[in-house]
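Chemist: This is the structure I have questions about; it appears just below.
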Amino acid sequence: MSSHDKGHVERVVKIARYIAEKEGAMLDVVLKAAELHDIARDCPNHAEKSAKIARELLKGYDAEFVDAVCHAIEAHSFSGSVRPKTLEAKILSDADKLDAMGAVGVARAFLFSGEKGRNVEETLIHFEEKLLKLKDMLYTETAREIARERHKFLEEFYRQIKKELNEFESK
């Protein structure tokens, strides 16, 4: 099992579809970008590499469509340097971030930490450096609405685990 497995991609596709329909985006672009966004997940600069692979896979499609899909893929990553310029790219970025929030986000954080050999305390640093910041990085109103409950859960989980970890420390 991986934190960026087929289930992650399927959830991002569902979330992206929902947001795209609410926000009036080009659904075909959003869905194809969501489907291919992590195709090179294990590579350095995975968003850039995924976009290059997508461009090859989409040869024969309309050039504007390919460019739109590839831009969305390039711009989806939390740690990437490309910022989304189109509504479709913003939606993919939001959908990917939403899958890192809430109960699913907590589960994925610990899966990811297991993959990286991190302990609980190191995982909490990941919460501080990334997960707890995600709600303020969303682009669409639809994503911000979804994020409210998911972010609240992240904060509650974070507070509770910190409390339990420090519960029996001598004073």
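Chemist: On the principal axes of its Cα set, how long, how wide and how thick is segment 45-101? Give whole Å, largest value first.
Modeler: 36, 22, 18
Chemist: Taking segment 1-81 on its own, what percent of its Cα-Cα pair distances exceed 19 Å? Mind dumping the intermediate values first?
Modeler: Numbers: 1089 of 3240 pairs.
Result for the distance tail: 34 percent.
Chemist: Give me the Å³ per residue figure for the convex hull around the C-alpha atoms of the chain. Spell out each step's value before the answer.
Modeler: Details: hull volume 19.1 nm³, N = 171.
Spread over its residues, the Cα hull of the chain gives 112 Å³ apiece.
Chemist: Here's a follow-up. So with the 1.4 Å probe, I'd like the accessible area per residue for segment 17-63, rounded to whole Å². Walk me through the numbers on the way to the answer.
Modeler: On the way: 2860 Å² over 47 residues.
With all protein chains present, segment 17-63 gives 61 Å² per residue.
Chemist: Same structure again: How large is the Rg to Rh ratio of segment 82-164 when both quantities use alpha carbon positions and Rh follows Kirkwood?
Modeler: 1.00
Chemist: Of the accessible area of segment 103-171, with the probe set at 1.4 angstrom, what percent is carbon plus sulfur? Intermediate results must be reported in sequence, preceding the final value.
Modeler: Values: 2300 of 4590 Å².
The C+S portion of the solvent-accessible surface of segment 103-171 is 50 percent.
Chemist: Using 7 Å Cα-to-Cβ label points, what is the R83/E122 separation (nm, one decimal)?
Modeler: Distance between label points: 3.3 nm.
Chemist: What FRET efficiency comes out for the pair Q160/A63, r = Cβ-Cβ distance, R0 = 45 Å, nearest 0.05?
Modeler: Values: r = 51 Å, r/R0 = 1.12.
Efficiency for this residue pair is about 0.35.
Chemist: While we're here: Compute the separation of the alpha-carbon centres of segment 40-88 and segment 90-168 and state it in Å as a whole number.
Modeler: 24 Å
Chemist: Here's a follow-up. Which helices, taking whole DSSP H runs in the chain, have alpha carbons extending 18 angstrom or more along the helix axis plus mean Kyte-Doolittle at least 0.0?
Modeler: Values: long enough: 6-23 (25 Å, -0.61); 102-116 (21 Å, 0.62); 141-166 (37 Å, -1.43).
Span-like helices in the chain: 102-116.
Chemist: Now for a separate question. Helix-only mean residue ellipticity at 222 nm, the chain, DSSP H runs n ≥ 4 weighted -39,500 (n - 2.57), per residue, nearest 500. What is it?
Modeler: On the way: 8 runs with 115 residues, N = 171.
The helix contribution divided over the chain gives -22000 deg cm²/dmol.
Chemist: Using only alpha carbon pairs under 8 Å that are at least six residues apart, calculate the relative contact order of segment 1-145 and give it in whole percent. If you can, show how the numbers build up before the last one.
Modeler: Working: 185 pairs, mean separation 35.1, N = 145.
In percent, rounded to a whole number, it is 24.
Chemist: Over all alpha-carbon pairs of segment 1-42, lay out the pair-distance distribution in 5 Å bins, whole %, shortest bin first.
Modeler: 5, 26, 30, 20, 12, 6, 1
Chemist: Mean separation of Cα pairs under 8 Å and 6+ residues apart, divided by the residue count of segment 46-85: what relative contact order is that in percent? Write down the numbers at each step before the final one.
Modeler: Numbers: 32 pairs, mean separation 17.0, N = 40.
Here the relative contact order equals 42 percent.
Chemist: Sticking with this structure for a sec: Excluding T123 itself, what net charge comes from residues whose Cβ is under 13 Å from its Cβ, given Lys and Arg +1 and Asp and Glu -1? All intermediate terms of the calculation are to be shown ahead of the outcome.
Modeler: Working: positive: R108, K116, R118, K130, K162; negative: E115, E121, E122, E128, E129.
Combined, the nearby Lys, Arg, Asp and Glu give 0.
The values are calculated or read from the model by the stated rules, or taken from the named source; none is laboratory data. Only a predicted model underlies this, so the values are computations on that prediction, with no experimental measurement involved. Cβ: placed from backbone, ideal geometry, glycine included. Neighbour counts: every protein chain shown. In case anyone asks, the SASA skips ligands and DNA or RNA and just uses the protein heavy atoms, side chains included. Shrake-Rupley method; radii C 1.70, N 1.55, O 1.52, S 1.80 Å.
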